[in-house]
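Notes for the one structure printed next.
The values are calculated or read from the model by the stated rules, or taken from the named source; none is laboratory data. These figures come from a predicted structure and were not determined experimentally. Here the Cβ is made from the backbone with ideal geometry for all residues, glycine too, and neighbour counts use every protein chain on show.
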Amino acid sequence: MAWRCTSSSNSGLVDNLTNAQILKSPQIINAMRSTDRAFFSPRSPYQDAPQSIGHGATISAPHMHAMALESLQQYLHPGATVLDVGSGSGYLVAVMSKLVQPNGVVCGIEHIQALHESAILNFIASDPDAQRLLDSQQVRFECADGRQGWPGLTFDAIHVGAAAHIVPQSLIEQLNSPGMIFIPVGTPGSQYIYEISKDSRGQVTHSKKYGVSYVPLTDVSHYA
Ligand code: SAH
């Protein structure tokens with residue numbers, strides 16, 4: 001599946017992801033179409049592969065972003081409150097902010113200060129409405145350890161963009177009923193996506209999906 005959706009433009013990339021049936025939901029297709037990856041990944045933005053964003057981090061491949069958004073789709077509705085742990089380039093925060101508007105909230109946590117700062121600049125460059133969304137705190141970026149989640153808020157959807165050894169308990173506690181966490185879990189060479197669902201009675205279910213390769217969810221010193 002990797003690589004095959006590469007294109008020479010953002011709309012071509014979204015078309016290829018749609019034709020490959022990786023993208024299915026009209027809202028997600030629209031949100032990805034209106035968020036140009038070139039603002040977040042200046043080198044080869046439309047190649048369907050992870051790209052370095054410096055500091056040992058990568059912007060995930062477009063098909064991986066598409067699969068994560070499709071997994072969480074039910075919870076990325078207007079008015080939803082959403083968390084992106086390991087927000088890196090800021091791309092998914094920008095896409096998800098389009099899905100939860102007009103009255104939703106998207107929070108992005110990144111532990112590398114330089115990436116945190118560039119994600120804000122990328123978001124502002126990518127979206128004419130970004131400054132208003134930041135001023136009104138409908139979109140929030142914080143530089144912190146994402147394993148603690150975002151104390152004080154709870155979330156309908158949590159996306160984790162780095163692979164955890166174990167699923168942080170704080171994230172499960174901060175998940176609404178109902179809600180879903182999309183998270184890679186494991187060690188290099190043995191990582192799998194888990195969809196962790198909390199139903200309306202608070203019952204938590206872990207569902208193992210497919211093998212992946214993400215950078216680790218770890219201490220900031222690991223990335224020095
Ligand atoms: N979805 C992002 C993925 C970036 S790579 C994108 O496509 O741009 C994963 C990111 O997780 C890296 O930027 C890394 O610095 C960050 N990260 C790793 N461990 C973290 C932690 N404990 N807290 C916050 N961010 C973390």
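Quick one: which strands (runs of 3 or more DSSP E) sit completely within the range 129-215 and have at least 2 residues that are surrounded by fewer than 13 Cβ atoms within 10 Å (Cβ to Cβ) and at pLDDT 95 or above?
Details: elements: 139-143, 155-160, 175-187, 190-198, 204-212.
Filter on the range 129-215 gives 204-212.
Go through the range 6-49 and give me each residue that's assigned to a loop (DSSP other than H, G, I, E, B) and touching a residue at least 60 places away in the same chain (Cβ under 8 Å).
Residues satisfying the conditions are S34, T35, D36, F40.
Just to be sure before I move on: is T35 buried (at least 18 other Cβ atoms within 10 Å of the Cβ) and more than 28 Å from P216 (Cβ to Cβ) in the structure I sent?
When the stated conditions are applied, T35 does not pass them.
Could you tell me whether any residue of the range 54-69 is farther than 28 Å from P168 by Cβ and touching a Lys or Arg at 6+ places or on another chain (Cβ under 9 Å)? Explain how you work it out, then say what you get.
Here is the first cut: in the range 54-69, the ones farther than 28 Å from P168 by Cβ are none.
Within the range 54-69, not a single residue is farther than 28 Å from P168 by Cβ and touching a Lys or Arg at 6+ places or on another chain (Cβ under 9 Å).
Check off (1) closer than 20 Å to I109 by Cα; (2) within 13 Å of the ligand (Cβ to nearest atom) for P42 and give me the number that stays unchecked.
If we test P42 against (1) closer than 20 Å to I109 by Cα; (2) within 13 Å of the ligand (Cβ to nearest atom), just (1) comes out false.
Only one residue in L92, L72 is assigned to a helix (DSSP H, G or I), within 12 Å of the ligand (Cβ to nearest atom) and not polar (S, T, N, Q), so which one is that?
Result of the check over L92, L72: L92.
Here are some residues: L121, L99. Which one is hydrophobic (A, V, I, L, M, F, W, C) and either over 16 Å from the mean Cα position of the chain (by Cα) or more than 19 Å from A66 (Cβ to Cβ) (or both)? Write out each step before concluding.
On the way: L99 fails: either over 16 Å from the mean Cα position of the chain (by Cα) or more than 19 Å from A66 (Cβ to Cβ) (or both).
On inspection, the qualifying residue turns out to be L121.
Test A80 against the criterion of being small (G, A, S), in contact with a helix residue (DSSP H, G or I) (Cβ under 6 Å, 6 or more places away or on another chain) and crowded, with 17+ Cβ neighbours inside 10 Å, and give yes or no.
For A80, the condition - small (G, A, S), in contact with a helix residue (DSSP H, G or I) (Cβ under 6 Å, 6 or more places away or on another chain) and crowded, with 17+ Cβ neighbours inside 10 Å - is met.
Looking only at the range 53-63, which residues are more than 8 Å from the ligand (Cβ to nearest atom) and either in contact (Cβ under 8 Å) with a residue 60 or more places away in the chain or surrounded by fewer than 24 Cβ atoms within 10 Å (Cβ to Cβ) (or both)? Step through it out loud before you land on a result.
At the first step, the residues of the range 53-63 found to be more than 8 Å from the ligand (Cβ to nearest atom) are 54, 61-63.
Residues satisfying the conditions are G54, A61, H63.
Restricting to the range 100-132, what's the tally of residues that are touching a helix residue (DSSP H, G or I) at 6+ places or on another chain (Cβ under 9 Å), within 16 Å of the ligand (Cβ to nearest atom) and among the small types (G, A, S)?
The number of residues fulfilling the criteria is 4.
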